[in-house]
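Okay, so here's the structure we're looking at.
Since every read-out is calculated from the coordinates, none of them should be taken as a lab result. No experiment lies behind these values; they were computed from the predicted model shown. Glycine gets a Cβ as well: all are built from the backbone with ideal geometry, and neighbour counts include every protein chain shown.
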Amino acid sequence: MVVQPASQVTHTPYEELPGNVLGLRPDPQALFNHSPEVKLDLLKELTGKSVLSAYVFDKQKLLELFKFAALLQTGRFPASRALTGKILAAAFFEPSTRTRLSFESAMLRLGGETISVADAKTTGVAKGESLRDIGQMFNSYADIVVVRHTEQNAVQLLSEYLRVPLINGGNGSDEHPTQALADWYALLKWRPEIAFSKLPEDKKLHLGIVGTPGNMRTVKSFLIMALLMHENISDITIISEMADPLGPEIKDFCDKSPISFKFSNDLQGCLGDLDIIYMNSIAFLGDGYRHLSSNFVLSSKSPLKKDAVVLHPLARGPELDIDLDDTPHNLYFNQADGAVFVRQALLLTMLGRVETVLQGEYSS
Ligand code: CP
């Protein structure tokens with residue numbers, strides 16, 4: 001089934017929508033200018049499923065999800081009651097600002113409700129309760145669960161006991177798939193042709209990743225989705241001080257991609273070639289999270305290409321100078337801003353409410 005945006009529904013012009021005011025604010029409308037249909041059948045394949053990894057998404061599902069998010073962001077399909085009666089459990093056994101709050105905001109703006117764990121010490125974990133038993137409680141208390149945990153295997157373990165869909169909100173150094181959704185939603189609003197066109201060789205993009213996909217969950221999930229855009233990404237340069245920044249699992253996947261991979265420890269020397277720079281500096285090393293000591297700092301004085309954009313999942317460290325905030329290189333605030341809409345689109349999809357929204361059931 002193919003649904004087109006309901007033209008009779010008035011929507012707020014993009015420039016009047018609330019959102020971050022610093023940096024770039026690409027118009028979500030750009031996404032459905034290229035392809036003005038949301039293919040429900042593709043989204044329905046995600047209904048009732050869990051999202052533990054970025055590998056869950058193929059390119060077409062990603063694009064349908066982003067178009068749906070864009071319809072929600074522009075207000076074309078009112079959805080403020082679409083999840084009435086549904087409860088999200090946001091269980092964060094590791095600190096978070098954006099992921100937990102944007103999921104909660106997404107749920108509340110859709111008329112749903114949330115129950116939260118903001119600190120593991122306030123749960124039975126402090127008394128030695130097992131994840132297995134906590135999972136059993138989620139089955140009774142919520143319709144969908146988002147979990148963050150320091151342990152890589154926690155999300156997989158929980159999924160074995162859950163009968164409701166589970167979203168991985170970040171598991172140790174492994175993955176953060178919905179952060180990658182926010183990353184690529186921002187990038188494709190900025191340059192939809194990366195996904196919707198076939199660019200000539202000399203217009204293909206060079207992506208720089210500052211970090212280590214092998215032990216940075218945001219970077220890893222971002223890279224997995226980047227490989228889906230291989231038609232229009234010519235090169236990826238990984239900028240890291242580590243000898244093996246990819247690690248064995250992701251290296252195998254990258255080796256099979258037609259994208260050319262390069263490795264460097266000289267960020268400033270690479271910047272003149274990069275169209276997109278994805279930065280992060282928090283890595284899981286051995287026994288905990290550390291800010292990588294870094295020579296890799298971006299500021300308004302860095303020799304960036306004129307149209308280059310910078311993404312960062314935040315929280316930022318000294319690697320991202322605040323003097324970049326008020327420049328046209330800043331796509332990172334838009335990345336965080338769009339996270340609410342892309343997470344709304346995901347929640348509606350996983351809970352099977354896309355069709356009712358697109359049929360205008362909530363418009364009166
Ligand atoms: N991007 C991200 O995961 O941020 P939080 O740690 O604040 O959730």
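Near residue 59, which lysines are there with a Cα under 18 Å away, not counting those fewer than 8 places off in the same chain?
Within the straight-line limit of under 18 Å, residue 59 reaches these lysines: 39, 44, 49, 67, 189, 198, 204, 220, 256.
Between residue 130 and residue 150, what length comes free when the chain is fully extended (0.36 nm per residue of separation minus the Cα-Cα distance, one decimal in nm)?
Details: separation 20, 0.36 × 20 = 7.20 nm, distance 1.45 nm.
Working it through step by step, the gained length comes to 5.8 nm.
Mind checking which aspartates and glutamates have their C-alpha under 13 Å from residue 86, skipping anything on the same chain fewer than 8 residues away?
Excluding near neighbours in sequence, the set is 104, 113, 143.
Counting only DSSP beta bridges with both residues in the range 1-157, tell me the antiparallel percent, nearest 5.
Given both bridge residues lie in the range 1-157, the antiparallel proportion sits at roughly 15 percent.
Determine the relative contact order of the chain: mean sequence separation of Cα pairs under 8 Å and six or more apart, normalised by residue count, in whole percent.
22
If the only charges are +1 at each Lys and Arg Cβ and -1 at each Asp and Glu Cβ, what is the size of the charge dipole of the chain around the Cα centre, to the nearest 20 debye?
My answer is approximately 660 debye.
Using only alpha carbon pairs under 8 Å that are at least six residues apart, calculate the relative contact order of the range 124-233 and give it in whole percent.
Over the range 124-233, the number comes to 23 percent.
With each pseudo-label sitting 7 Å past Cα toward Cβ, what's the residue 59-residue 196 distance in nm, one decimal?
1.5
In whole percent, what relative contact order does the range 177-337 give with Cα contacts below 8 Å and a gap of six or more residues? Kindly include the intermediate steps, with their values, before the conclusion.
On the way: 270 pairs, mean separation 37.5, N = 161.
Relative contact order for the range 177-337 comes out at 23 percent.
Tell me the mean residue ellipticity at 222 nm calculated for the chain from its helices only (DSSP H runs of n ≥ 4, each -39500 (n - 2.57), averaged over every residue, nearest 500).
The per-residue figure over the chain is -9500 deg cm²/dmol.
To the nearest 0.05, how large is the calculated FRET efficiency for residue 235 and residue 268 if R₀ is 22 Å and r is the Cβ-Cβ distance?
Computed FRET efficiency for residue 235 and residue 268 comes out at 0.80.
How big is Rg to Rh over the range 177-337, alpha-carbon atoms, Rh as the Kirkwood inverse-mean-distance radius?
0.92
Sort the chain into rounded, prolate or oblate with this rule: let a ≥ b ≥ c be the square roots of the eigenvalues of the Cα gyration tensor; rounded if a/c is under 1.5, and if a/c is not under 1.5, prolate when a/b is larger than b/c, oblate otherwise.
Oblate shape, in that a/c is at least 1.5 and b/c is the bigger or equal ratio.
Return the FRET efficiency for the residue pair residue 307, residue 249: r is the Cβ-Cβ distance, R0 is 41 Å, and the value is rounded to the nearest 0.05.
0.80
Among 253, 66, which comes first, then next, by fewest other beta-carbon atoms within 10 Å?
Ranking 253, 66 by Cβ neighbours within 10 Å, fewest first, gives 253, 66.
Where in the range 226-250 is the amide nitrogen less than 19 Å from a point lying 7 Å along the Cα-to-Cβ axis of residue 45?
Only 226-231 fall inside the zone, counting backbone N under 19 Å.
R0 = 30 Å: FRET efficiency of residue 290 with residue 27, Cβ-based, nearest 0.05?
0.20
Taking the Cα centroid of the range 277-334 and of the range 78-113, what is the distance between the two, rounded to the nearest whole Å?
That distance is 27 Å.
Stick to the Cα atoms of the range 272-328, pair each with every other, and give me the Kirkwood hydrodynamic radius in Å at one decimal.
12.3
Looking at 228, 289, 276, which one has the Cα that reaches farthest to the positive end of the dipole of the range 177-337 (charges on Cβ: Lys, Arg +1; Asp, Glu -1)?
So the residue furthest toward the plus end is 228.
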